[in-house]
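This report concerns only the one structure given below.
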Amino acid sequence: MTTLTATVYKSTGSWYLTKDEQGTTWKARIKGVFKNDDISSTNPIAVGDFVEMEVENEAEKVSTIYTIKDRINYVARQSPHTRHRHHIVASNLDQSLLIATLKDPRTSLGFIDRFLVACEAYHVPAIILFNKKDTWRKKEEIQFAEWKEIYETIGYQVLATSIHQQEAIEEVKAILAHKTTLLSGHSGVGKSSLLNVLFPEMKLRTGEVSGWSGKGLHTTTFAEMHDLPFGGRVIDTPGVREFGLVDIERGELAQYFPEMRNLMNDCQFNNCQHMNEPGCAIKAAVQEGGISSDRFYSYMNIRESIRENDWE
């Protein structure tokens, strides 16, 4: 039996599209039951996984996946259907690019922070790209400057662009080149528009924004990886309205806020939760302006949403 090493490019339920080391595309299905990293996941195989396959039909390029190689990393969110299970968004990533918008639809700071926490937890560097700059007025320009300062101060790269007008597109291409990048964000923020710029031949349907809700309409159903013409890969994901965190306990949440992680050892108590304890270095930094009050508010909201023992 001929065996191949391949990368998963698309998941459509029970079938997967993979590409072997020679660049040949195969249609594959899984053999047996997979369980990786002791994760209770709704999708045992994710886009970006490196797999071993057996050839079933050479002529029709059909194969069977029998092994998943160890993942370098991955990003997971709470399953939209089962709260107690993970959904692995993508694996083996060099970085993530969160596309956000300040209007039509508006991406909240809380959503951004949840995404960043997930990236910190799974060791995936994150970049924030604010799109639709051409629609901004003074209000949005001021808000962008404030958020840019917040995130750049703690080490995140922040960019502004108008994908529609192809502003700063060369800078975005330079960020994506020769890396595997996860693209994420609400529906309607411009992920499909960016892909249409990067891959003009794809002619993806771009999402409209619902007038009554101000929220984007879904244009991507399954995660899918694409090879960039200038080197590298991007993984397009379905637009998400909420980013449910998984497998993160309240007591460890502050570790995933870089500005808090740097001060945790200065707290009076080793088990400080940074809420009402005396001698808390993080609370002191918030009061003194060293930590953004908006970020600390996100920390409190996320902490409140985490149910202890939820994943045991």
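Bear in mind these aren't lab numbers, they're just calculated from the coordinates by the rules spelled out. In this text the structure is predicted, and so the values were computed from the model without any measurement. Cβ coordinates were reconstructed from backbone atoms using ideal geometry, including for glycine residues, and neighbour counts include every protein chain displayed.
What does the highest-first list of 249-262, 172-185 look like by mean Cβ count within 10 Å?
172-185, 249-262
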Taking 187-197, 67-77 and ranking on average Cβ neighbours within 10 Å, highest first, one gets 187-197, 67-77
So, with points 7 Å from each Cα along the Cβ direction, the R261-E277 label distance in nm works out to 1.8 nm
So K27 and Q143, fully extended at 0.36 nm per residue minus their Cα-Cα distance, gain in nm 37.1 nm
At q = 0.13, 0.20, 0.27 1/Å the base-10 log of I(q)/I(0) from the Debye formula over the alpha-carbon atoms of region 100-163 is -0.34, -0.78, -1.29
Straight-line reach check, K191, cutoff 17 Å on alpha carbons, 8 or more apart in-chain or any other chain, hits among aspartates and glutamates -> D104, D134, E167, E170, E171, E201, E208, E224, D227, D236, E242
